[in-house]
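Beneath this line is the structure, given in structure tokens, with notes to follow.
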Amino acid sequence: MAGLEDLYREIILDHYRTPRNRGELPPPAAHAVGHNPLCGDEIDVYIEVQDGPHGAVVSDVKVGGQGCSISQSSASMMSQAIKGKSVAEVRALVRRFKGLMSIDVDESDTSVDLALVESAKLGDLEALQGVVKFPVRIKCATLAWNTLLDALAQSA
Ligand code: ZN
């Protein structure tokens, strides 16, 4: 029987080889670019935010860029996890993922709903939890998420 680490490796490679939501969105979609010079990773995040009956929603997302399997698979999983979610849920998921990566978060940041952080579902993203053992790779895994925050800030 395959171990959990093998399963996680398969999930990461699957997203790397078959990235979800690959492409671009035309303006007025928000577009942010992130770089990780330590590894040479680049991520483009395009998001479309629309007002819905329960607040703003990330109605569409596309991801571009190039780099290592961790950076690109994290971006693919992120796009899958945030599409169609409310901006509040997306911000909670960013917090949850950074927690998985053992990154200190700004507890005074009141833009994040802690109840939503508790209920946020990581899904495939749990496959990246092994990255936490390799501090240099944490920057690869979080690049797409920091770029997403830049894109969200533009569309606010
Ligand atoms: Zn990398």
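The values are calculated or read from the model by the stated rules, or taken from the named source; none is laboratory data. Nothing here was measured: the structure is a model prediction, and the numbers come from that model. Here the Cβ positions follow ideal geometry from the backbone for every residue, glycine too, while neighbour counts run over all protein chains shown. For the accessible areas, the whole protein counts, side chains as well, though only heavy atoms, and no ligand, DNA or RNA atoms are used. Shrake-Rupley method; radii C 1.70, N 1.55, O 1.52, S 1.80 Å.
Data for the structure
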quantity: Protein-only accessible surface order, largest first, of 68, 39, 140 at 1.4 Å; calculated: 39, 68, 140
quantity: Relative contact order (percent, whole number), the chain, Cα cutoff 8 Å, 6+ residue spacing; calculated: 29
quantity: Rounded to whole Hz, the Karplus (6.51, -1.76, 1.60) HN-Hα couplings of segment 66-77, x for glycine and proline; calculated: 8, x, 6, 4, 5, 5, 6, 6, 5, 5, 5, 5
quantity: Rg ratio (alpha-carbon, reference 2.2 N^0.38 Å) - segment 31-118; calculated: 1.14
quantity: The chain, helix-only ellipticity at 222 nm - DSSP H runs n ≥ 4, -39,500 (n - 2.57), divided by all residues, nearest 500; calculated: -14000 deg cm²/dmol
quantity: In Hz, Karplus ³J(HN,Hα) per residue of segment 3-17 (6.51, -1.76, 1.60; θ = phi - 60°; x = Gly, Pro); calculated: x, 4, 5, 5, 4, 4, 4, 4, 5, 5, 5, 4, 5, 5, 6
quantity: Residue-normalised accessible area of the chain, given per residue in Å² at a 1.4 Å probe; calculated: 53
quantity: Dimensions (Å) - the chain, Cα atoms, principal axes, largest first; calculated: 46, 33, 30
quantity: Fraction of accessible area attributable to carbon and sulfur, the chain (%, probe 1.4 Å); calculated: 53
quantity: Vicinal HN-Hα couplings computed from phi for segment 51-62 (Karplus, 6.51 cos²θ - 1.76 cosθ + 1.60; Hz; Gly/Pro x); calculated: 6, x, x, 10, x, 5, 10, 7, 7, 8, 8, 9
quantity: Computed P(r) (all Cα pairs; segment 99-156; 10 Å bins; percent); calculated: 18, 48, 32, 1
quantity: Long-range HN-HN contacts of residue 49 with modeled amide H, under 5 Å; calculated: 30, 59
quantity: Fraction of beta bridges assigned by DSSP in the chain that are antiparallel (%, nearest 5); calculated: 95
quantity: For residue 65, distant residues with modelled amide H under 5 Å away; calculated: 44
quantity: Cα-Cα over 25 Å, subset of 85/133; 83/121; 98/121; calculated: 85/133
quantity: Long-range amide H partners of residue 56 with built H, under 5 Å; calculated: 87
quantity: Of the GluC sites (Glu not before Pro) in segment 63-129, those whose Cβ has at most 11 other Cβ within 10 Å and which sit in DSSP loop; calculated: 107
